[in-house]
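Inspection log for the structure reproduced underneath, given as structure tokens.
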Amino acid sequence: MLMNDQPLIQLRDVVKVYRMGRKEFVALKGVTLDIYAGEFVSIVGPSGSGKSTILNMITGIARPTGGRVWVGGVAIDRLSENELARWRRDNVGIVFQFFQLLPTLTALENVVLPLDLAGKIRGSKAKREWALECLARVGLESHAHHLPGELSGGEQQRVAIARALANDPPILIADEPTGNLDSETGEAVVQLLADLHHQGKTVILITHDRSLAKRAERTVSVLDGRIVGLGHEAQ
Ligand SMILES: Nc1ncnc2c1ncn2[C@@H]1O[C@H](COP(=O)(O)OP(=O)(O)O)[C@@H](O)[C@H]1O
Ligand SMILES: [Mg+2]
């Protein structure tokens, strides 16, 4: 947690141009956005508006073509690929629409994987214990030894959230996490994100669904590569 008023995440005039051969597509047309430590923010907009591209900027998955990105005071747009990979592992947990669990590993083994990569916890017993704690946080301790194929969609997404929590990152960012779930299961996943926010995580929910977006404290509306609205739900 930052103890001052500096935003945790700062995007300044971010432009992102995708190049496909000789064609160019301007996916972000000057996005300026501040997100503070401990916030629960949704980024909402129609398909193709640039939401996932904003995620790519915040996580360093892709580099801005123009503008600057700071996260936790680090200018992530200036890091090398190796520095970025290490930074991302420690600072952001990412949850995707299609879960992206490894199908041949159990729920527990999927959560242990990022622990193996980080090397902060030593010893397989300690890793498994911590992974089990992460699964307990999402209510899935009892399913630790199931393969993804033996779990429902909602359960798979919970495992993916547990995996995102494994290295205890301050930021959790979920890109259409309910897009592959029925509405009731999706609701439960968003409730879990709200719970994690109450436990101190900075949570960013990306969705095209305005009613889900309202579950966050604050909504950032994106249209055609631009931010077109910043609203607190009380307004
Ligand atoms: N790697 C890429 N190469 C070319 N165009 C891309 C790439 N990624 C996204 N785009 C385009 O940029 C626009 C915004 O994409 P995206 O950020 O994924 O939107 P959203 O997540 O809101 O649906 C879309 O028109 C998409 O086709
Ligand atoms: Mg998207």
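Once the convex hull of all Cα atoms in region 1-124 is built, its volume per residue stands at 156 Å³. Residues whose amide H lies under 5 Å from that of L223, counting only those 5 or more places away or on a different chain, are V228; hydrogens are built 1.01 Å from N in the peptide plane. Close amide-amide hydrogen proximity is noted between I43 and L205, I206, T207, V220, each under 5 Å apart and 5 or more residues distant or on a separate chain (H modeled in the peptide plane; Pro and chain starts excluded).
Working note: Debye formula, equal point scatterers on the alpha-carbon atoms of region 9-232, no solvent; log10 I(q)/I(0) at q = 0.09, 0.11, 0.15, 0.18 Å⁻¹ is -0.36, -0.54, -0.99, -1.34.
Under 5 Å between amide hydrogens, built in the peptide plane, is the criterion, and for T32 it picks out D13, V14, I227 among residues at least 5 positions away or on other chains.
Exposure proxy ranking for E39, E81, based on other Cβ atoms within 10 angstrom of each Cβ and starting from the fewest, stands as E81, E39. Where does the charge balance sit around G179 when Lys and Arg score +1, Asp and Glu -1, over other residues with C-beta under 13 Å from its C-beta? Local net charge: -3.
When only Cα pairs below 8 angstrom with a gap of at least 6 residues are kept, the chain shows a relative contact order of 28 percent.
Exposure proxy shown here: for H208, H232, the number of other Cβ atoms within 10 Å sets the order, fewest to most, as H232, H208.
Any read-out appearing in this document is the output of simple, stated calculations on the displayed coordinates, not a laboratory observation. Everything quoted here is computed from the prediction, not taken from an experiment. A quick note on method: Cβ atoms are made from the backbone with ideal geometry, for glycine too, and the neighbour counts reach across all protein chains shown.
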